[in-house]
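Comments concern the structure below.
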Amino acid sequence: METLSVAKSLLIALWVAGVMSRWLLGGASLTLRFSPLMTGLVVGIVMGRVADAMIVTASLQLIYMGVFSPGGSMPSEPAVAAAIAVPVALLGNLTPEASIAIAVPVGFLGSYLYQFRFFLNTFIGKKTDVAIEKMDEKAIKRSIITYPTIASFVLFVPLIFVALYFGAPVIADVVAKLEGTVFLHILDVVGGGLAAIGIATTIYVIGRKDYLLFFLLAYFLSVILKDMNVNMLVYAILGTIISILAVGNKNQAKEDKEVKTETSGEREMTFEEEDDF
């Protein structure tokens with residue numbers, strides 16, 4: 001059975017810690033945390049099997065399509081789930097559906113780790129209070145950026161490394177031995193069901209009146225441009241342009257409405273003043 005080397009396990013663990021700490025891109029790294037795609041790509045690069053990794057990761061993405069994060073807390077952490085489930089799937093030659101069933105419980109455990117990170121930050125917050133009282137700008141920056149980042153790396157790197165180096169090969173070996181059994185069939189069925197739930201949630205959101213037009217536009221564009229072999233990058237650029245235009249028009253309409261309301265209010269005040277005379 002193939003195993004992950006120390007270097008590979010450490011690289012993946014460092015990536016996960018970077019994502020979970022928001023150290024990579026600040027607030028923009030939330031996108032990396034809320035989606036397994038980039039983590040799956042990194043795992044594929046590290047393991048030298050990018051195509052296989054992305055096939056598995058695409059299946060994982062389906063179950064997180066309708067997941068949102070109230071207060072920044074996720075019911076399941078996609079980045080942690082992908083970091084463990086994708087290597088297990090590649091080592092054990094699992095189907096994407098089976099990898100989904102493995103990713104879900106791992107993601108749940110990852111959410112508890114993230115909540116524990118909040119707990120650790122409460123202690124760091126005391127240093128922030130002290131720094132603010134002293135008006136020490138450098139100390140404030142350290143307490144809100146450096147210290148929380150270090151705490152996240154200390155928390156995530158060892159745990160993810162141990163899970164990958166010791167746990168992933170064992171899980172892959174066990175699942176490989178269960179190939180063809182009822183247990184693995186159950187994993188496939190459960191994984192497919194979870195993906196269907198994610199798709200259904202997304203369709204429910206798309207079904208909103210203000211989003212339905214964009215869905216129909218994208219659908220007919222894909223049909224019309226099918227023979228032109230347009231790739232996903234072009235579709236992404238078109239989608240971005242349309243989104244910018246839509247948001248711009250919406251904001252402009254809102255501003256025009258506010259101006260109209262203010263103008264109407266001024267006219268009413270003018271009429272009242274004339275009546276007083």
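The values are calculated or read from the model by the stated rules, or taken from the named source; none is laboratory data. As the structure is a computational prediction, the values presented were derived from the model and not from experiment. Cβ sites come from the backbone with ideal geometry, for glycine too, and all protein chains shown count toward neighbours.
When GLU268 is tested against (1) in a helix (DSSP H, G or I); (2) modelled with pLDDT under 80; (3) in the same structural domain as VAL80 (by TED's automatic domain parsing), exactly one condition is not met: (3). Put simply, of ALA83, ALA51 the only residue that is assigned to a helix (DSSP H, G or I), within 19 Å of ALA13 (Cβ to Cβ), under 22 Å from the mean Cα position of the chain (by Cα) and not polar (S, T, N, Q) is ALA83. Close Cβ contacts (under 7 Å, 6 or more residues apart or on different chains) running from residues in region 123-141 that are farther than 19 Å from SER152 by Cβ to residues that are loosely packed, with under 13 Cβ neighbours inside 10 Å and at pLDDT below 85 are absent. Entry remark, region 12-33: residues being surrounded by fewer than 18 Cβ atoms within 10 Å (Cβ to Cβ) and either in a helix (DSSP H, G or I) or over 17 Å from the mean Cα position of the chain (by Cα) (or both) number 6 in total. The residue that is surrounded by the fewest Cβ atoms within 10 Å (Cβ to Cβ), counting only those in region 89-124 that are farther than 14 Å from ILE55 by Cβ and hydroxyl-bearing (Ser, Thr, Tyr), is THR122.
Of all residues in region 76-87, one or more are modelled with pLDDT under 80 and not aromatic (Phe, Trp, Tyr). Please determine, by comparing only the residues of region 91-104 that are in a helix (DSSP H, G or I) and under 15 Å from VAL170 (Cβ atoms), which one is nearest to the chain's Cα centre (by Cα). Restricting to residues being in a helix (DSSP H, G or I) and under 15 Å from VAL170 (Cβ atoms), the top hit is ILE102.
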